[in-house]
Amino acid sequence: MKLTKPRLALICGILCISIFPILVKLRLTPGLISAFYRMFFAVILLLPYVLFSGNFKIPNLKFTLLAVLCGVLFSSDVAVWNIAIQDSSATQASLLTNLSPVWVGIGSFLFLKSKPATNFWIGTIVSLFGMITLVGFEFFIDLNFDQAFLFAVLSGILYSIYLLVSKNVLSEVDVLSFMTISLTASSIYLGILCYSLDEPFTGFSNTGWFVLVLQAVICQLCAWLSISYATQHMRATRVSLSLLSQAVITSILAWLFLEEKITLQMVFGGIILLFGIRITFYDKTISLKRLFSKN
């Protein structure tokens, strides 16, 4: 598989967002206010650069409004996912959120000219089986259909809509301008929401503030500048499915820093998951009829 610039950007983005669940698990700040500061600090850091470098270009009204919508969608996704992680297990929240490739595939089939290829659906099935193996089949016995469950599913749906809309916007708007508009919209939207719900904006420990800045720099700016660039040059379905690999990296990081165990089953599930993603990057269409036909 040739490592083009978009693919390298996607790998970089995946590595950066993989630390996010680890930081959220620390529970140093409430989930909703954590989402706000992730967006707010990111736009504060990005604005001076794009303004003084002259890289910010205001698109036409249609794409400006769509970029604003992307900001609201993405910030809503992060907010409900934070709450889902803190109100349930990170495993449940991550698994249900990672159903997003299915929603992206359905959305692409219904609304985009570029329809999902056969390899995408095969890769999705294989990857989801790998994800289930990674978290353990016994996990589904204890699955709680509560608010956290609904929030995790909602997170996946919001994220898939965000990917589809951003793919449309990024076809006409450069990445830095798109990120500036969407992050500004995210910050304002989450700021109003946190204020109306009486969320605490201060009173965190020094470690808590450091983690909030870390989320903004690595999990937001570095990650989503890279992923937005990849989305601009690759299929939205392929990007969404590739993002499943963050579960494997997060498991390794949890083992290193949170002393969570990695079992042989998790290793096997991770290999299946990554193999499913690899299928979507296979250029020739896989024919199931030809695969199972007799020679």
The lone exception for Ile106 - which of (1) among the β-branched types (Val, Ile, Thr); (2) modelled with pLDDT of 75 or more; (3) open to solvent by 70 Å² or more (accessible area, probe 1.4 Å) it fails: (2)
Matching residues in the stretch 183-234 (touching a Ser or Thr at 6+ places or on another chain (Cβ under 7 Å), over 18 Å from Gln246 (Cβ atoms) and outside any loop (DSSP other than H, G, I, E, B)) number 5
I'd like the residue in the stretch 203-240 that is in contact with a Phe, Trp or Tyr (Cβ under 7 Å, 6 or more places away or on another chain), hydrophobic (A, V, I, L, M, F, W, C) and open to solvent by less than 30 Å² (accessible area, probe 1.4 Å) and, out of all such residues, is farthest from Phe36 (Cα to Cα). Cys219
Which pairs have Cβ atoms under 6 Å, sit 6 or more apart or on different chains, and link a residue in the stretch 187-211 that is closer than 19 Å to Ala42 by Cβ to one that is assigned to a helix (DSSP H, G or I) and open to solvent by 30 Å² or more (accessible area, probe 1.4 Å)? Ser187/Phe40; Tyr189/Val72
Extreme residue, farthest from Phe210 (Cα to Cα), among residues of the stretch 55-74 that are in contact with a Ser or Thr (Cβ under 7 Å, 6 or more places away or on another chain) and not in a helix (DSSP H, G or I): Pro59
Return yes when Leu244 is crowded, with 21+ Cβ neighbours inside 10 Å, modelled with pLDDT under 90 and either under 17 Å from the mean Cα position of the chain (by Cα) or not in a helix (DSSP H, G or I) (or both) and no when it is not. yes
Kindly check whether there is at least one residue in the stretch 264-277 that is modelled with pLDDT of 75 or more, polar (S, T, N, Q) and surrounded by fewer than 20 Cβ atoms within 10 Å (Cβ to Cβ). yes
Give the number of residues within the stretch 13-54 that are outside any helix (DSSP H, G or I), in contact (Cβ under 8 Å) with a residue 24 or more places away in the chain and out of contact with any Pro (no Cβ under 8 Å at 6 or more places or on another chain). 6
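The values are calculated or read from the model by the stated rules, or taken from the named source; none is laboratory data. This is a predicted model, so every value here is computed, not measured. With ideal geometry, Cβ positions are generated from the backbone for all residues, glycine too; neighbour counts draw on all protein chains shown. Please note that ligands, DNA and RNA were not included when accessible areas were found on the heavy atoms of the full protein model with its side chains. Shrake-Rupley method; radii C 1.70, N 1.55, O 1.52, S 1.80 Å.
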